[in-house]
Amino acid sequence: MTGDADGTGIDSTVPHSARIWNYWLGGKDNYAIDRLAGDQTIAVLPEIVDIARASRGFLARVVRYLAADAGIRQFLDVGTGLPTANNTHEVAQRVAPESRVVYVDNDPLVLTHARALLIGSPEGATDYIDADARDVDKILAGAAATLDFTRPVAITMLGILPFIGDNDEARGIVRRLVAAVPAGSYLAITHSTSEVSGERVIEAVRQWNEVAPTPYHLRSPEQIAAFFEGLELIEPGLVPCPRWRPDPDSADSVRDMDEYCGLGRK
Ligand SMILES: C[S@@+](CC[C@H](N)C(=O)[O-])C[C@H]1O[C@@H](n2cnc3c(N)ncnc32)[C@H](O)[C@@H]1O
């Protein structure tokens with residue numbers, strides 16, 4: 001028996017990554033089973049809460065950079081997560097109200113909350129595609145209704161690639177998405193490593209993989225850098241999230257952590 005009593009595909013008896021992530025971010029869209037799994041990780045790796053927040057901090061800074069400094073007006077956000085503060089379209093449309101954003105996720109709970117992502121500025125547009133990242137054809141066909149693929153697009157894959165463990169498969173997905181956008185487009189990635197906390201991260205992931213239905217995979221900075229092959233890495237390159245263009249007036253400490261990020265330009 002599963003907890004999917006209403007047939008929505010949302011099972012409240014099995015922890016789910018998007019809801020656990022929401023819990024670490026201080027959100028309310030999670031169940032007891034998610035909090036239990038989330039607390040298990042916190043017990044081994046207390047900094048996971050900072051990691052989740054720092055990675056959202058990167059999202060806000062990189063989208064603002066893309067909209068304000070790089071002039072990007074189109075975004076393809078693959079692995080959206082549950083709506084929270086500073087969703088991609090909010091950050092982009094704050095800079096440029098005409099920004100167009102397409103969200104992609106395969107989580108049924110994210111789908112039920114997607115309406116919150118579709119309320120953007122009247123000048124811009126947002127859309128949501130319920131798809132697995134592996135289904136690149138479906139993503140590109142769906143996104144073409146909102147995005148003009150003859151003009152630059154920023155692809156953001158924040159926190160999603162660790163869920164695609166096979167290196168060749170993950171690189172294949174990234175390569176096909178990047179191949180679909182023209183020169184002047186961008187790719188932003190966040191990805192977990194074990195560079196900083198070593199065994200504790202590895203243990204937290206091992207415990208996670210015992211309960212979570214989708215296994216999580218760490219990668220080395222070299223493996224993460226390989227996703228940017230053929231792209232020009234924007235300064236400061238591939239770094240722990242707090243070190244990527246920190247806001248000078250932010251109280252957040254600039255330090256190493258096992259969540260790396262980078263931005264590449266095609
Ligand atoms: C850690 S959350 C990150 C959310 C958001 N991008 C952020 O940085 O805060 C990862 C998201 O990727 C989604 N995801 C995981 N595997 C996926 C797949 N194969 N296809 C589509 N989405 C996936 C999960 O449902 C979840 O919403």
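We did not get these values from a lab; they are worked out from the coordinates using the rules stated. Given the structure is predicted, the values throughout are model-derived calculations rather than measurements. Using ideal geometry, Cβ is built from the backbone for each residue, glycine included, and neighbour counts are taken over all protein chains shown.
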Using a simple charge model, +1 on the beta-carbon of Lys and Arg, -1 on the beta-carbon of Asp and Glu, nothing else, what dipole does the chain show about its Cα centre, in debye to the nearest 20?
600
Sites residue 116 and residue 206, calculated FRET efficiency, Cβ-Cβ separation with R0 30 Å, nearest 0.05:
0.35
Pop out the Kirkwood hydrodynamic radius of the range 1-159 from its pairwise C-alpha distances, inverse of mean 1/r, in Å to one decimal.
16.4
Principal axes first, then extents: for the Cα atoms of the range 126-206, list largest minus smallest coordinate on each axis, whole Å, largest first.
45, 26, 25
Among 28, 138, rank each residue by its count of other Cβ atoms within 10 Å, from fewest to most, as a rough exposure measure.
28, 138
Site residue 94, offset 7 angstrom along Cα→Cβ, radius 14 Å on amide nitrogen, limited to the range 39-60, gives 56-60
Taking a quarter of the surface of the convex hull around the Cα atoms of the chain, what do you get in nm²?
13.5
Name the residues whose placed amide hydrogens come within less than 5 Å of the amide hydrogen of residue 127, ignoring near sequence neighbours (fewer than 5 apart) on the same chain.
101, 102, 103
What residue among 65, 48, 30 has its Cα farthest toward the positive end of the dipole of the range 28-72, where the charges are +1 on Lys, Arg and -1 on Asp, Glu, each on the Cβ?
65
Where nothing but the Cβ of Lys and Arg (+1) and of Asp and Glu (-1) is charged, how large is the charge dipole of the range 58-143 around its Cα centre, in debye to the nearest 20?
280
To one decimal place, what Kirkwood hydrodynamic radius in Å is obtained for the range 39-89 from all pairs of distinct Cα atoms?
12.6
